[in-house]
1. Considering only region 262-341, give the strands (runs of 3 or more DSSP E) lying wholly within it that have at least 1 residues that are of a type outside the set (Gly, Ala, Ser) and more than 23 Å from the chain's Cα centre (by Cα).
2. Restricting to region 291-335, what's the tally of residues that are more than 17 Å from ALA39 (Cβ to Cβ) and open to solvent by less than 30 Å² (accessible area, probe 1.4 Å)?
3. Within region 140-152, can you find the residues that are part of a helix (DSSP H, G or I) and within 16 Å of ARG408 (Cβ to Cβ)?
4. Quick check on region 362-407: of everything there that is of a type in the set (A, V, I, L, M), closer than 25 Å to ASN277 by Cα and at pLDDT below 95, which residue is nearest to the chain's Cα centre (by Cα)?
5. May I ask you to list pairs of residues, at least six apart or on different chains, whose Cβ atoms are under 8 Å apart, with the first in region 44-60 being open to solvent by less than 20 Å² (accessible area, probe 1.4 Å) and modelled with pLDDT of 95 or more and the second being of a type in the set (A, V, I, L, M, F, W, C) and assigned to a loop (DSSP other than H, G, I, E, B)?
6. Can we say ASP144 is touching a Lys or Arg at 6+ places or on another chain (Cβ under 7 Å), loosely packed, with under 15 Cβ neighbours inside 10 Å, at pLDDT 90 or above and farther than 30 Å from PRO17 by Cα?
7. Can you tell me which condition LEU30 does not meet? The list is (1) touching a helix residue (DSSP H, G or I) at 6+ places or on another chain (Cβ under 6 Å); (2) in a loop (DSSP other than H, G, I, E, B); (3) within 23 Å of PRO159 (Cβ to Cβ); (4) open to solvent by 30 Å² or more (accessible area, probe 1.4 Å), and all the others hold.
Amino acid sequence: MTEAQTLADQAVPAHVPAHLVKPYDFRSGLGDRPQEAIAGLLDGPAVFWSPVRHMLDKGGAWVVTRSREAREVLGNPEVYSSEVQGEFLKLISDDFHLGPLASDPPAHARYRTLINPLFTPKKMFELAPKIEAWCDELIDGFADRGHCDLIPEFADLFPTGIFVDLMGFPRERLAEFLKWNQDFIHAETPDQRFAGVKAITDFFAEIYENPQLASPDSVAHYLLTSEPDGRPLSRGEFMGVVFLLFSAGLDTVVSSLGFTFRLLAENQELQAHLRANPAELPRHVEEMMRLFSPVTVQRTAVVDTELGGVTIKAGDRLAVSLACASRDPEAFAHSDQLDASRNPNPHLAFGFGIHRCAGAQLARRDIAIALERWFQRIPPFRLAPDSQITAAGGAVLCLNGVVLEWDRMQVPQ
């Protein structure tokens with residue numbers, strides 16, 4: 001479907017001023033530096049109406065670009081609901097429910113109480129050796145070769161393997177998980193994206209119906225046997241919560257690895273500095289998360305309200321660009337520059353408010369460990385001359401074609 005056809009199909013609501021209508025779908029025309037392209041929206045209004053949406057559902061949405069307005073939306077679930085989900089989710093299962101992501105208070109607390117124990121500092125400390133071992137196993141596959149295509153050979157596999165191990169799923173199905181997630185996030189048509197979602201959730205339904213397939217020490221077993229508020233998760237709740245952990249855990253890390261490694265490959269001075277000063281990795285990771293915030297989230301207004309001087313009607317959808325908000329110059333001085341000395345660094349890469357990503361600490365740990373192990377195992381790396389980097393847009397931004405190379409003779413033996 002062309003943009004013109006899309007616009008013809010989507011009527012602009014009567015309460016939307018004509019001067020605030022601008023087609024923008026977070027998929028098209030982003031080049032190979034999508035955050036920079038999206039940050040161009042900061043030259044326009046804080047809130048505008050796009051008849052084109054980045055989600056599977058039809059219909060336009062208000063696009064929120066500024067940090068202040070983004071926090072207002074994400075911090076007020078009584079006005080901007082996460083509970084109103086798209087019609088396509090109902091096609092998965094009548095009771096399919098994305099747990100905390102699709103819940104407002106007080107139901108939201110039930111799911112966060114269930115999920116939060118999975119991401120405690122103690123859990124993260126215990127996971128570190130397994131993450132390091134998996135990282136080393138992947139690096140073993142290409143270290144002596146002197147080059148790799150970062151996304152398919154490392155970035156895609158790294159968080160996916162961690163998720164599969166945590167859930168207690170068979171490692172031999174790793175390739176299937178990768179394909180399903182790629183279809184869900186980056187397939188060209190809505191039907192292809194839905195097919196990816198359906199394949200993932202059908203597998204999770206199989207686990208629910210055959211709990212013996214989940215090992216006793218796995219997260220899947222924990223979710224199957226937990227009883228938040230005195231009752232176990234329903235089939236649809238289990239499918240939704242596991243799907244949320246799967247998609248959120250993979251997408252942010254895969255995206256961040258692509259942008260982070262590209263930045264370091266292009267900036268040899270910064271790479272050398274971090275190799276010599278590994279203690280500075282956490283704050284640099286934090287700043288790179290801000291600079292390369294990848295997600296656009298959606299909300300639905302449940303009452304008439306005003307946002308950024310714009311009238312929002314109950315039922316209106318909103319697309320909150322965290323990439324844009326995290327580069328807002330009103331919130332971050334020199335917002336388009338890497339500055340690891342920012343303190344505090346209130347970026348929105350992991351969201352804001354009650355829906356702030358529960359797995360943020362795991363994502364940070366994954367990325368920091370990946371950099372630590374690369375610096376120890378791989379000599380200074382650079383972009384290969386044949387790198388043809390492209391960006392994939394939509395709900396989550398990511399890169400393809402990040403081909404790295406290094407001097408094989410310098411690889412530690």
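The values are calculated or read from the model by the stated rules, or taken from the named source; none is laboratory data. Only a predicted model underlies this, so the values are computations on that prediction, with no experimental measurement involved. A quick note on method: Cβ atoms are made from the backbone with ideal geometry, for glycine too, and the neighbour counts reach across all protein chains shown. Just the protein is used for accessible areas: all its heavy atoms, side chains included, with ligands, DNA and RNA removed. Shrake-Rupley method; radii C 1.70, N 1.55, O 1.52, S 1.80 Å.
1. Details: elements: 296-301, 305-307, 310-312, 317-321.
The qualifying strands (runs of 3 or more DSSP E) are 305-307, 310-312.
2. Of the residues in region 291-335, 8 are more than 17 Å from ALA39 (Cβ to Cβ) and open to solvent by less than 30 Å² (accessible area, probe 1.4 Å).
3. To start, the set of residues in region 140-152 that are part of a helix (DSSP H, G or I) comprises 140, 143-145, 150-152.
Answer for region 140-152, where residues must be part of a helix (DSSP H, G or I) and within 16 Å of ARG408 (Cβ to Cβ): ASP140, ALA143, ASP144, ARG145.
4. Only one residue fits best here, namely ALA363.
5. Taking only residues 6 or more apart or on different chains, the pairs are TRP49/VAL12; TRP49/VAL16.
6. Numbers: touching a Lys or Arg at 6+ places or on another chain (Cβ under 7 Å): yes; loosely packed, with under 15 Cβ neighbours inside 10 Å: yes; at pLDDT 90 or above: yes; farther than 30 Å from PRO17 by Cα: yes.
Against the criterion (touching a Lys or Arg at 6+ places or on another chain (Cβ under 7 Å), loosely packed, with under 15 Cβ neighbours inside 10 Å, at pLDDT 90 or above and farther than 30 Å from PRO17 by Cα), ASP144 qualifies.
7. Failing condition for LEU30: (4).
Residue by residue, here is whether (1) in contact with a helix residue (DSSP H, G or I) (Cβ under 7 Å, 6 or more places away or on another chain); (2) at pLDDT 85 or above; (3) among the polar types (S, T, N, Q) holds:
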residue	(1), (2), (3)
ALA187	yes, no, no
ASP191	no, no, no
THR201	yes, yes, yes
ALA205	yes, yes, no
TYR208	yes, yes, no
PRO211	yes, yes, no
VAL219	yes, yes, no
TYR222	no, yes, no
ARG231	no, yes, no
